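The values are calculated or read from the model by the stated rules, or taken from the named source; none is laboratory data. Computed from a predicted model, the values in this text were never measured in an experiment. Glycine also receives a Cβ, built like all others from the backbone with ideal geometry; neighbour counts cover every protein chain displayed. Each accessible area value is taken on the protein alone, full model and side chains, heavy atoms only, with ligands, DNA and RNA left out. Shrake-Rupley method; radii C 1.70, N 1.55, O 1.52, S 1.80 Å.
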Amino acid sequence: MLLAEWTTFLTVQAGASATLTGLVFVAFSINQSKIMEYPGLPGRAAESLLQFLEVFFISTVALIPRQPEWILAIEFLVIGIGFWSAQVFGQVRYLMLRAGHPHWWFVNRAVLSVFGAVPFLIAGIALLMGAPGALYWLVPGFVFSFMGGIVGAWVLLVEILR
């Protein structure tokens, strides 16, 4: 694996995810009282943060120089499982609220979190197995994590004001 070829890409992902994490913090602080009024929205804010932070941490650990591949694989797995578990916990709490929201709202959140997290797990497993191209699995993880986080940020910034 030639991780050096991925350095620019990973650096851009880390920077973008850090910036978008800040956006969610701003959205939450601007609309905190409204967000706290609606069941499920504080969890939605947490999910958006988790999706952006997952990209940030995956990118950051991949940029650690001269790290053995097996350690990087374990880091991908730990980050992926940890962040996905936290999102699933929040989604289960959302379902238990029975807030009367359309069912597709939950489906959208769940699908984007699965599609965001699973590629990081596949990348970790593929790295452990020595599969060529294992890092290419990071790309869909980044894309779907950004999609999920941006949808959540949109809800916190725009939809909440309707």
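Debye-formula intensities of the range 102-155, expressed as log10 I(q)/I(0) at q = 0.18 Å⁻¹, are -0.59 (one equal scatterer per alpha-carbon, no solvent). Dipole size of the range 1-122 about its Cα centre, with +1 on Lys/Arg Cβ and -1 on Asp/Glu Cβ: approximately 400 debye, rounded to the nearest 20. For the chain, place one equal point scatterer on every Cα, skip the solvent, and apply the Debye formula. What is log10 of I(q)/I(0) at q = 0.12, 0.16 Å⁻¹? With one equal scatterer per Cα and no solvent, log10 I(q)/I(0) is -0.52, -0.85.
On the principal axes of its alpha carbon atoms, the range 1-66 extends 49, 17, 13 Å, with the longest extent given first. The listed residues Y136, Y38, Y94, once ranked by accessible area (1.4 Å probe) with the largest placed first, stand as Y136, Y38, Y94. Surface composition of the chain: carbon and sulfur make up 74 percent of the accessible area, probe 1.4 Å.
For the range 51-127, what is the accessible area per residue in Å² when the probe is 1.4 Å?
Details: 4010 Å² over 77 residues.
With all protein chains present, the range 51-127 gives 52 Å² per residue.
Since only Y38, V107, T60 are under comparison, the one whose Cα sits farthest along the positive direction of the charge dipole of the chain, derived from C-beta charges on Lys, Arg, Asp and Glu, is Y38.
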